[in-house]
Amino acid sequence: MAPVYPFSAIVGQEEMKRALMIAAVDPGIGGVMIFGDRGTGKSTAVRGLARLLPRIPMVEGCRFNCDPAEDAERCVPGCGAVAPRRVVQAPVPFVDLPLGATEDRVVGALDLEAALTQGARVFEPGLLARAHRGFLYIDEINLLDDHIVDLLLDVAQSGENIVEREGLSVRHPARFVLVGSGNPEEGELRPQLLDRFGLSVEVRTPTELAERIEVVRRRDAFDQDRAGFVAAQAAAERRIARRIDQARRRLAQTVVPDDVLTQAARLCLALGTDGLRGELTLLRAARALAALERRPEAQMADLKAVAPMALRHRLRRNPLDETGSTARIERAMAEVWGP
Amino acid sequence: MNPARDETALRLADAAWAARLFARDPHGLQAVVLRARAGPLRDRWLALLRATLPPGAPFRRLPPGSDTDRLTGGLDLEATLAAGRPVPAAGLLAEADGGILVVPMAERLAATHAALLAAVLDAGAIHLERHGLSCRRPARLGLVLLAEGDEPVPAILAERAALWLDLEGFRANAPLEPDALDALGPDVSLAEAAAALTEAAAACGIASLRPALMALRLARLAARGGGLRRGHLERVARLVLAPRAQRRPEPAQESPPPRPPADGADKEGRPLPDLLVEAVATALPPGLLSAFAAKAQGRSAGGDPARGRARAGLRGRPAGSRPGLPGNGRRLALSDTLQAAAPWQRLRAPPRPPLRFRLHRDDLRIQRVEPPAATTAVLVVDASGSAAAERLAEAKGAAEWLLAESYVRRTEVAVVAFRGQEAQLLLPPTRSLTRARRAIAGLPGGGGTPLAAGLELARRLAAAERRRGRTPLVVALTDGRANVALDGRTGREPARADAWRVAALLRAEGVATTVIDISARPRPEAAELAAALGARHLALPRAEPHRIAAALREDRG
């Protein structure tokens, strides 16, 4: 596999990097949607993050990524694990869903080879099974076929994938962090899909000349000597990986105090965000950020840092309002919380 | 530089030079957008490219209308059934690994295919998750995206292409010879080169960082691993940055010279970015900037073809199939259904005869069908004269209203503005609010009224939309008065004659039109124009956005 541009070498784009790290710390937040101009390194950042994910316990040989802690006795039938089960440590799965993927490969289908050579019905897990307990990444998500999107929404909702084919019925858990990226100029994302994402960030091309030059320089250095560039960045990469890993462990003990809860509720009220999901995401993101910052409890600073990414896609849209969602949130923050 | 050489020869030499460099590293430079009429000149450029490729490097052509399987590869059904095990078929992308894939009619590429090609360019590999196959194959290739006329190439690919070449308007037998790099100038360090190219790109209003990076790669290729010289950078700035320039860079002196001055003392001591900006400026023929920008922006997928729907309409190309039950208006895709069922026959049938083909419910494939209302509304806006700013604001409002609705109704909107001597495509067909806002903001008004040019551009756009399988709807916001003819002459009579002639063409082609009279007091000219177009005539002295949108809603039924 060709070396991937290191996450730690990405110049600027702080909000995008922070959102991805938060999603890696708390998978329950519901994933990240990244909108942005062309050539801003959206997919570079996501693929870079894949290299920084910690190891988690897996059942050896299990093709459904079952959690040994959750189901102590056995996996999904036919998963491929041999009894007695052995638990191994493996990196959090990261699955790329390419455009043009067909339904059978997404949800899983009968193994063609087994059917042809042995006349046997063997279930071949799809991308959803591979992404269980990990990340499912879709670049250019706004170009994905509608019927694949519908499948994803259905599974994301239930956390379970059910396939029935050729008299075979398979049911396996599929809980994953959905990460999408796309360019709004290629078309808007369906509102139902946008709703699924916990966080949403907008990346722009840097306007600062010095920053632009640094981006070009680093990218060129990477293209010239990929292995060398990656090696030079190894220590910085390890630091981020460690930070994510430690924050994951610390998350359960990280507290959101009452006054922060109250302030989050006030902001959501002022913005008129629909339902409770926004508020919940806001709190979880603030907690994950606190854990990343090695703080025992979340502060207002955490809340301020995550409010735009947790709420900007939950505002009611007015096509004639030139004010972007981010500006509206910033205005509300200033009004509710003061400068 | 030889002062006797004219602009034409320079551009041809640049194009030939670009072919040579592209052949050296197609994957590194990702793609070339070659805008040229089909003909000997284009063929010679391709032949030059092919001849310069390393021996054995593949040179493939994507047949227009190829389906996804042909592109990415898939299951070779025949071989699979014969062998009794899955046999993958290599697609064109894998076949072109290490070489070049030529994409004719790139402007007609389905958005999903464009995005797929872009992903392959980024990864240098195909990631296949189709029809029971899951694999990665190397596909380190470069694309040649052939385009003609004004129709933009999908932006997602144009953005990645290092080179945008324009061979239109040259004689078929024009010489296509790369020249030696003369006037190489002093050495430039890599760090300096990166900084100078980035700065020059910013000065030309190029937002993306990819062009600067591509220019740097091209310069390095030109230097063939040797040291970078200033001459390399000037040339790549002209080739890579000039076609993408969104604005004419501020000249370092009062007026830029018609061509780069002879190398000499006058260049010494001046900052490199300035010299590069100057190289770009000389490559920009006056008046062409807007045309460049319109082409350069490229066509965004705009949502509809994005999901392959637009192609499935009655006039469109087939959009493939998906699993599902026929009925309720969904049609069975017979051959796809049979293909889906074929591999499983052994599983289903008893090993002995009777041999019968067994179809299961899961095999059924239905054709993907585009809902009929795939409309593209082309707004033609009179931006001339004193009231222009106001009218543009109104057109902008109308476009946004249409877009806001289009989310549900699958309408795309394009905006053509005319003023001064010419018409300009302000906004290629899109469904994106973001893009609409950006494109319309900041257009200056004033000047003459080339109504005919505006209608003609709308007519060409409407024809292009038809070819995409969409129904065009032209909406002219004008008072019907014209004073600039198609050839740029001023005068009411010729201007009117030209406009009426184009109107008759539009009418003959059966394009639905609406004329919205925006003059302060309704005038006979607008009504006459509407009559010439066979159009509906609405007098809206103050064209309020929602009223325009409401009127158009009725039109679409």
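Overview of values
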| read-out | value |
| --- | --- |
| Ranking by accessible area, most exposed first, for B:TRP164, B:TRP45, B:TRP17 with a 1.4 Å probe | B:TRP164, B:TRP17, B:TRP45 |
| Amide H partners (placed H, <5 Å) of B:ASP479, local residues excluded | B:ILE518 |
| Average partner coverage of B:121-133, which counts Cβ from other chains inside 10 Å | 5 |
| B:ARG244, B:ARG220, reordered so the largest accessible area comes first (probe 1.4 Å) | B:ARG220, B:ARG244 |
| Relative contact order of chain A, pairs being alpha-carbon contacts under 8 Å that are 6 or more residues apart, as % | 22 percent |
| Cα-based equivalent ellipsoid of the stretch B:40-79: semi-axis lengths in Å, sorted from largest, via gyration tensor | 28, 15, 6 |
| The stretch A:233-250 - phi-based ³J(HN,Hα) in whole Hz, Karplus 6.51/-1.76/1.60, Gly and Pro as x | 9, 4, 5, 5, 5, 4, 4, 5, 4, 5, 4, 5, 4, 5, 5, 4, 5, 7 |
| C-alpha long axis of helix A:258-271 to longest principal axis of chain A, angle in ° | 80 degrees |
| Rounded to whole Hz, the Karplus (6.51, -1.76, 1.60) HN-Hα couplings of the stretch B:142-158, x for glycine and proline | x, 10, 10, 9, 8, 9, 10, x, 8, 6, x, 7, x, 4, 4, 8, 4 |
| Cα-centre dipole for chain A with unit charges at Cβ (Lys and Arg positive, Asp and Glu negative), debye to 20 | 1220 debye |
| Projected-area average for the stretch A:240-292 over all orientations - Cα convex hull basis, square nanometres | 3.9 nm² |
| B:ARG523 long-range amide H proximity, modeled H, under 5 Å | none |
| Simple Cβ-charge dipole of the stretch A:179-246, Lys/Arg +1 and Asp/Glu -1, about Cα centre, in debye nearest 20 | 400 debye |
| Accessible area of B:ARG70 in the full protein assembly, 1.4 Å probe (Å², nearest 10) | 90 Å² |
| Förster radius 45 Å - calculated FRET efficiency between A:ARG294 and A:ASP154 (Cβ-Cβ, nearest 0.05) | 0.70 |
| Chains B and A, summed buried accessible surface - 1.4 Å probe, Å², nearest 100 | 5800 Å² |
| The stretch A:252-337: relative contact order as a whole-number percent, Cα under 8 Å and 6+ apart | 36 percent |
| Accessible-area value, B:ARG365, 1.4 Å probe, nucleic acids and ligands omitted, Å² | 40 Å² |
| Span per principal axis, largest first, for the Cα atoms of chain A (Å) | 69, 49, 42 |
| Solvent-accessible surface (1.4 angstrom probe) belonging to A:LYS304, in square angstrom, nearest 10 | 90 Å² |
| Largest to smallest accessible area among B:ARG230, A:ARG47, B:ARG171, B:ARG217 [probe 1.4 Å] | B:ARG171, A:ARG47, B:ARG217, B:ARG230 |
| Within the stretch A:171-271, GluC sites (Glu not before Pro) in DSSP loop having at most 12 other beta-carbon neighbours inside 10 Å | A:GLU208 |
| Residues A:ALA232 and B:ARG224, FRET efficiency given R0 of 25 Å [Cβ-Cβ distance, rounded to 0.05] | 0.40 |
| Amide H contacts of B:SER384 (H built 1.01 Å from N, under 5 Å, at least 5 apart or other chain) | B:GLY446 |
| Value of Rg to Rh for the stretch A:175-312 (Rh from inverse mean 1/r over Cα pairs, i.e. Kirkwood) | 1.04 |
| Principal axis dimensions, the stretch A:1-151 - Cα atoms, whole angstrom, descending | 52, 33, 30 |
| Tilt relative to chain A, helix A:146-158 - C-alpha long axis, 0 to 90 degrees, to 10 | 90 degrees |
| Tilt relative to chain A, helix A:209-224 - C-alpha long axis, 0 to 90 degrees, to 10 | 20 degrees |
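The values are calculated or read from the model by the stated rules, or taken from the named source; none is laboratory data. What you are looking at is a predicted structure, and each value in this text was computed from that prediction instead of being measured. Glycine gets a Cβ as well: all are built from the backbone with ideal geometry, and neighbour counts include every protein chain shown. Note: areas computed on protein heavy atoms with side chains; ligands, DNA, RNA excluded. Shrake-Rupley method; radii C 1.70, N 1.55, O 1.52, S 1.80 Å.
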